[in-house]
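Student: One structure follows; several queries about it will come next.
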């Protein structure tokens, strides 16, 4: 039984490219995929934290390299994709995870903030996938996982740009799955609830709320705690592995039951 499970979950020899990988869900997923054998290409705009993250993964005995990449820049995404392939030889797994939020309603939100949030969270998926998919096709297939949100599926207060972007991620995922199934490329979406990351604590600051009170409210769900990056990483591993060999165009909510009520 152990050998069967290990075989289904193993990513030995696979190359995983992860955006937003310097911290939070991205870094937690980078560690988890490395633990099951994947080589890791970490993408982020934070060069210092990104390099630190890569060194931490190397210490667990797996190859990892950091690549500075602004996912809203077509030239950055093209160059980074080429550099990852030059370094690793291929890209088997793309985890489109980079995201930002600005907690404002539509009147408060300015155009720059709208463009920033939708650019990182939605356009970033388009740009990286645009450059990675041709290489996956050439290599006979691949695996793409996009990060949505609980707010991909319902609205939330003071989060219009984030809700719009994450809502778009779901249908983008479905459309990509339809187009590229014939290329042996699976495309799925994981939708986290509130996860204990720097992004969540930044939301409290943006809303002018006490951090501790904000976290207590965020943990009010059937499984009464915040999510961890590892909770989401395990869902990404499911999609990235042979455990989900006949799964594409799917949306997996990982939120401790937050959307159940």
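Student: Would you be able to say whether some residue in the range 206-213 is in contact (Cβ under 8 Å) with a residue 60 or more places away in the chain and either within 24 Å of residue 10 (Cα to Cα) or crowded, with 21+ Cβ neighbours inside 10 Å (or both)?
Tutor: no
Student: Now a separate question. Residue 245 - would you say it is surrounded by fewer than 14 Cβ atoms within 10 Å (Cβ to Cβ) and under 19 Å from residue 95 (Cα atoms)?
Tutor: It is true that residue 245 is surrounded by fewer than 14 Cβ atoms within 10 Å (Cβ to Cβ) and under 19 Å from residue 95 (Cα atoms).
Student: Additional query: Suppose we filter the range 170-192 for residues that are surrounded by fewer than 23 Cβ atoms within 10 Å (Cβ to Cβ) and either within 22 Å of residue 114 (Cβ to Cβ) or free of Cβ contacts under 8 Å to residues at least 12 places away in the same chain (or both); how many remain?
Tutor: Selection size over the range 170-192: 6.
Student: Please find, within the range 215-239, the residue that is surrounded by the most Cβ atoms within 10 Å (Cβ to Cβ) out of those that are in contact with a helix residue (DSSP H, G or I) (Cβ under 8 Å, 6 or more places away or on another chain) and more than 17 Å from residue 251 (Cβ to Cβ).
Tutor: The qualifying residue surrounded by the most Cβ atoms within 10 Å (Cβ to Cβ) is 233.
Student: A further question follows. Need the failing condition index for residue 161 against (1) in contact with a strand residue (DSSP E or B) (Cβ under 6 Å, 6 or more places away or on another chain); (2) buried (at least 21 other Cβ atoms within 10 Å of the Cβ), just the number.
Tutor: The single condition residue 161 does not satisfy is (1).
Student: Taking the range 121-148, which residues are touching a residue at least 24 places away in the same chain (Cβ under 8 Å) and out of contact with any helix residue (DSSP H, G or I) (no Cβ under 9 Å at 6 or more places or on another chain)?
Tutor: Across the range 121-148, the qualifying residue is only 139.
Student: Got a sec? Which of 114, 151 is touching a helix residue (DSSP H, G or I) at 6+ places or on another chain (Cβ under 6 Å), over 24 Å from residue 21 (Cβ atoms), surrounded by 15 or more Cβ atoms within 10 Å (Cβ to Cβ) and at pLDDT 95 or above?
Tutor: 114
Student: Looking at the range 1-31, which of its residues are crowded, with 22+ Cβ neighbours inside 10 Å and farther than 23 Å from residue 68 by Cβ?
Tutor: 11 - this is the single residue of the range 1-31 that is crowded, with 22+ Cβ neighbours inside 10 Å and farther than 23 Å from residue 68 by Cβ.
Student: Within the range 89-105, restricting attention to residues that are farther than 17 Å from residue 29 by Cβ and in contact with a strand residue (DSSP E or B) (Cβ under 8 Å, 6 or more places away or on another chain), which residue is surrounded by the fewest Cβ atoms within 10 Å (Cβ to Cβ)?
Tutor: 89
Student: Under 26 Å from residue 115 (Cβ atoms) and surrounded by fewer than 17 Cβ atoms within 10 Å (Cβ to Cβ): which single residue out of 51, 78, 63, 56 fits that description?
Tutor: 78
Student: Does residue 63 meet the test of being out of contact with any strand residue (DSSP E or B) (no Cβ under 6 Å at 6 or more places or on another chain) and at negative phi?
Tutor: For residue 63, the condition - out of contact with any strand residue (DSSP E or B) (no Cβ under 6 Å at 6 or more places or on another chain) and at negative phi - is not met.
Student: Checking the conditions here, which among 148, 141, 119 is farther than 19 Å from residue 235 by Cβ and in contact with a strand residue (DSSP E or B) (Cβ under 9 Å, 6 or more places away or on another chain)?
Tutor: Answer to the selection: 141.
Student: How many of the residues in the range 33-50 are within 13 Å of the chain's Cα centre (by Cα) and in a helix (DSSP H, G or I)?
Tutor: Residues flagged as within 13 Å of the chain's Cα centre (by Cα) and in a helix (DSSP H, G or I) within the range 33-50 amount to 1.
Student: Output the helices (runs of 4 or more DSSP H) that fall wholly within the range 182-261 and possess 2 or more residues being under 24 Å from residue 171 (Cβ atoms), or say none.
Tutor: Correct list: 229-240.
Student: Determine which member of the set 184, 143 is closer than 27 Å to residue 248 by Cβ, at pLDDT 95 or above and over 20 Å from the mean Cα position of the chain (by Cα).
Tutor: 184
The values are calculated or read from the model by the stated rules, or taken from the named source; none is laboratory data. Predicted model, so just to flag it, every value in this text is computed and none were measured. All Cβ positions, glycine included, derive from the backbone under ideal geometry; neighbour counts span all protein chains shown.
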